[in-house]
Amino acid sequence: MRERKPFVGGNWKMNTNRTTSADLTRGVVDALAPVTGAETAIFPPFPYLLAVRSILRDRGSSIRLGAQDCYHKPDGAFTGEVSLDMLKDCGVEIVLAGHSERRHVIGENDEIVNTKLKAIVDAGLTAVLCIGETLDQRESGHTDPVNQRQLRAGLADVSADAMERVIIAYEPVWAIGTGKTATPEDAQDVHGKLRKLLGQVYNADVARRTRIIYGGSVKGANAEELFRQPDIDGGLIGGASLKAPEFAQIVKGAAASAKA
Ligand code: PEP
């Protein structure tokens, strides 16, 4: 049995509405009711967090509630932003930092990602640090340096103790929402190198305990093979998390990989 419990997150991005977010939550709860062996979280859009939380609570579900982003400052004059206190008040336990769409569409850099990540762990929540190379970077042979830079920069000034509340998501940008997935071997190669780097930046214990999950067009059909790789501890799922049966199949694949 693996010592790192697999983690699967469903990132709904800017999708769903009041009705479909509630339907999807109920569908995921029902489909996952018999599944233990993997920790699961869903990341709905901000406006639906409270309604999703009510459903999770009413059903006694162990699925954790996540947020797709946050602002690092305490409550104050920051029009349009959402603080960590607000997210905690809504029952959020996990927050994404540095998702590729925030880096490449919204324009967040490593420094902003690091500031958010530190605020998330300082607030006592779990942070999912997303990193990954673009297609250009991969094709020009820069996959490893890019991921190593984003890992080091994202974790700057984060203590070894705080790493208990950090999950790393390796998400090659060229695989997100494109239907292209890294092969299990290519993904394992990057994950293994990232774990080695955690050992250098922190220590062997942090390297052994930190979950490194994969994201990029994961589906029910390819999940288990990816998650069976020794350094892949689950997944961050976009498109396929919007279909309850598909998402459940992915979580089942993660749970099965835990027994490998
Ligand atoms: C993501 O949003 O983090 C993601 C991996 O998306 P998709 O599964 O759709 O590629």
Legend entry - Odd one out for I176, checked against (1) within 14 Å of the ligand (Cβ to nearest atom); (2) open to solvent by less than 20 Å² (accessible area, probe 1.4 Å): (2)
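Given the criterion in contact (Cβ under 8 Å) with a residue 12 or more places away in the chain and in contact with a Lys or Arg (Cβ under 9 Å, 6 or more places away or on another chain), identify the matching residue among A207, A248.
Answer to the check: A207.
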Legend entry - Subset tally (residues that are open to solvent by 10 Å² or more (accessible area, probe 1.4 Å), closer than 12 Å to H72 by Cβ and within 15 Å of the ligand (Cβ to nearest atom)) for the stretch 106-130: 1
Legend entry - All helices (runs of 4 or more DSSP H) inside the stretch 164-260 with 1 or more residues being closer than 27 Å to T20 by Cα, modelled with pLDDT of 95 or more and in contact with a Gly (Cβ under 7 Å, 6 or more places away or on another chain): 220-227, 244-257
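Restricting attention to the stretch 1-60, report how many residues are in a helix (DSSP H, G or I), under 18 Å from E246 (Cβ atoms) and open to solvent by 10 Å² or more (accessible area, probe 1.4 Å).
Here is the first cut: in the stretch 1-60, the ones in a helix (DSSP H, G or I) are 18-32, 46-58.
Remaining after also requiring under 18 Å from E246 (Cβ atoms): 20-21, 23-32.
Those left that are additionally open to solvent by 10 Å² or more (accessible area, probe 1.4 Å): 20, 23-24, 26-27, 29-32.
The total comes to 9.
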Legend entry - Matching residues, the stretch 83-105, being part of a loop (DSSP other than H, G, I, E, B) and buried (at least 18 other Cβ atoms within 10 Å of the Cβ): V92, G98, H99
Legend entry - Checking D233 against (1) closer than 20 Å to S100 by Cβ; (2) away from the ligand (no atom under 14 Å from the Cβ); (3) of a type outside the set (A, V, I, L, M); (4) open to solvent by 10 Å² or more (accessible area, probe 1.4 Å), the condition it does not meet: (4)
Inset, instruction - Could you tell me which residue of the stretch 194-210 is farthest from the ligand (Cβ to nearest atom), considering only residues that are open to solvent by 40 Å² or more (accessible area, probe 1.4 Å) and under 23 Å from G253 (Cα atoms)? - result: R208
Legend entry - Answer from D161, D144 - the residue that is over 18 Å from the mean Cα position of the chain (by Cα), more than 12 Å from the ligand (Cβ to nearest atom), within 25 Å of P6 (Cα to Cα) and open to solvent by less than 60 Å² (accessible area, probe 1.4 Å): D144
Inset, instruction - May I ask you to list the residues in the stretch 1-58 that are in contact with a strand residue (DSSP E or B) (Cβ under 6 Å, 6 or more places away or on another chain), among the basic types (K, R) and without any contact (Cβ under 8 Å) to a residue 60 or more places away in the chain? - result: R53
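Which residues, counting only those in the stretch 61-82, are part of a loop (DSSP other than H, G, I, E, B) and aromatic (F, W, Y)?
F78
The values are calculated or read from the model by the stated rules, or taken from the named source; none is laboratory data. Keep in mind it's a predicted model, so treat the numbers as computed, not measured. So basically every Cβ, Gly included, is an ideal-geometry build from the backbone, and we count neighbours across all protein chains shown. Surface accessibility is based on the protein's heavy atoms, side chains included, excluding ligands, DNA and RNA. Shrake-Rupley method; radii C 1.70, N 1.55, O 1.52, S 1.80 Å.
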